[in-house]
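Q: Quick one: the structure is below, questions incoming.
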Amino acid sequence: MGERHIFVRFTGCDVRCGYCDEHQKTGVPMSVAGVVKTVMSLESDEGPHAFVSLTGGEPLKAASFVASLAGALRARGFRILLETNGIEWQALSPVLERCDSISMDIKIPSVGGHPDFYEAHRRFLEAARTKEINIKIVVSSLMDQKDFEKHVRMIADMVPETTVFIQPVWREMDTAKDYIESVFEIARRYLRDVRLGFQLHKMLGMS
């Protein structure tokens, strides 16, 4: 957050969170070479950038492509940030060593209206904790705070030094102050580094 990134956005995700603003968007087919060429052009024209962020949708739905792309970009000196829903732990292996940092979501069922991915998140953290990891948790006024606490305790047990960003859903930005303090109180019982996150691109009119 607050750094310049080049975003390579992949389409498609199975989770379909109720607050997602990306699942209806369509993409443009590109080869690894085509993406690399575009990234290098953006870096030349508008850089420097801190990372190339591979984001979604869900990039790990195309894990072999992501592994090839990350390897090609790192060979040209780029640092790679993988942004992921933190569920596709079985697809992580070929990508992991070609990424410099991972930003994963923790999905709370009562916020996104999807199944409970607690076990998948636990397996993902277990596989990824050798890397630098940041975690994002989207919260809302509808959230089951006991379920939130369960997930926070899992993070504390597995990666206690990790920075965790608490992000209110965008549609509740005007009212998030009514519940965000209680959410932070829960998180800080277990975690050392808890921060408030926002969708900066929307605040800056860049969506």
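The values are calculated or read from the model by the stated rules, or taken from the named source; none is laboratory data. Every value quoted in this text rests on a predicted model; they were computed, and no experiment measured them. Heads up, the Cβs are rebuilt from the backbone with ideal geometry, glycines too, and the neighbour counts pull from every protein chain shown. What goes into the accessible areas is simple: the full protein's heavy atoms, side chains included, and nothing from ligands, DNA or RNA. Shrake-Rupley method; radii C 1.70, N 1.55, O 1.52, S 1.80 Å.
Q: With all distinct Cα pairs included, what does the Kirkwood hydrodynamic radius of region 107-158 come out to in Å, to one decimal, could you say?
A: When all Cα pairs of region 107-158 are included, the Kirkwood radius is 11.6 Å.
Q: So with the 1.4 Å probe, I'd like the accessible area per residue for region 1-136, rounded to whole Å².
A: That works out to 50 Å² per residue.
Q: Based on the alpha-carbon gyration tensor of region 1-41 and its eigenvalue square roots a ≥ b ≥ c, which shape applies: rounded if a/c is under 1.5, prolate if not and a/b is larger than b/c, or oblate?
A: Oblate.
Q: Now for a different question. Percent of accessible area on the chain owned by carbon and sulfur, 1.4 Å probe?
A: The nonpolar share, carbon plus sulfur, comes to 48 percent.
Q: Quick one: net charge of M154's neighbours, Cβ under 14 Å, K/R +1, D/E -1?
A: That works out to +1.
Q: Modelled label-to-label distance, H5 and E46, 7 Å Cα→beta-carbon offset: nm?
A: Going by the 7 Å Cα→Cβ label model, 1.4 nm.
Q: Okay, moving on. Determine, from the Cβ-Cβ distance of S101 and D174 and an R0 of 25 Å, the FRET efficiency 1/(1 + (r/R0)^6), rounded to the nearest 0.05.
A: With a Förster radius of 25 Å, E is 0.20.
Q: In nm, to one decimal, how far is the Q90 label point from the D147 one, both placed 7 Å along Cα→Cβ?
A: Reported label-point gap for Q90 and D147 is 2.4 nm.
Q: Related question: Excluding L142 itself, what net charge comes from residues whose Cβ is under 13 Å from its Cβ, given Lys and Arg +1 and Asp and Glu -1?
A: Summing Lys/Arg as +1 and Asp/Glu as -1 gives -3.
Q: Ranked from the most accessible area to the least, with a 1.4 Å probe and all protein chains present, what is the order of E46, E119, E58, E83?
A: E46, E119, E83, E58
Q: Do any chymotrypsin sites (Phe, Trp or Tyr not before Pro) in region 81-167 lie in a loop, going by DSSP, with at most 14 other beta-carbon atoms within 10 Å of their beta carbon, and if so which?
A: The qualifying sites: there are none.
Q: Which entry is the computed Cα extents along the principal axes in Å for this structure: (i) 46, 36, 29; (ii) 51, 50, 33; (iii) 73, 40, 32?
A: (i)
Q: Label T38 and F184 with points 7 Å out from Cα along Cα→Cβ: what is the distance between them in nm?
A: The two pseudo-label positions are separated by 3.8 nm.
Q: Under the rule that a partner needs its Cβ under 4.7 Å from the first Cβ, which Cys of the chain have none?
A: Unpaired cysteines in the chain: C13, C99.
Q: Hey, another quick one. Given the -39500 (n - 2.57) contribution per DSSP H run of 4+ residues, what per-residue ellipticity at 222 nm results for the chain, rounded to the nearest 500 deg cm²/dmol?
A: -10000 deg cm²/dmol
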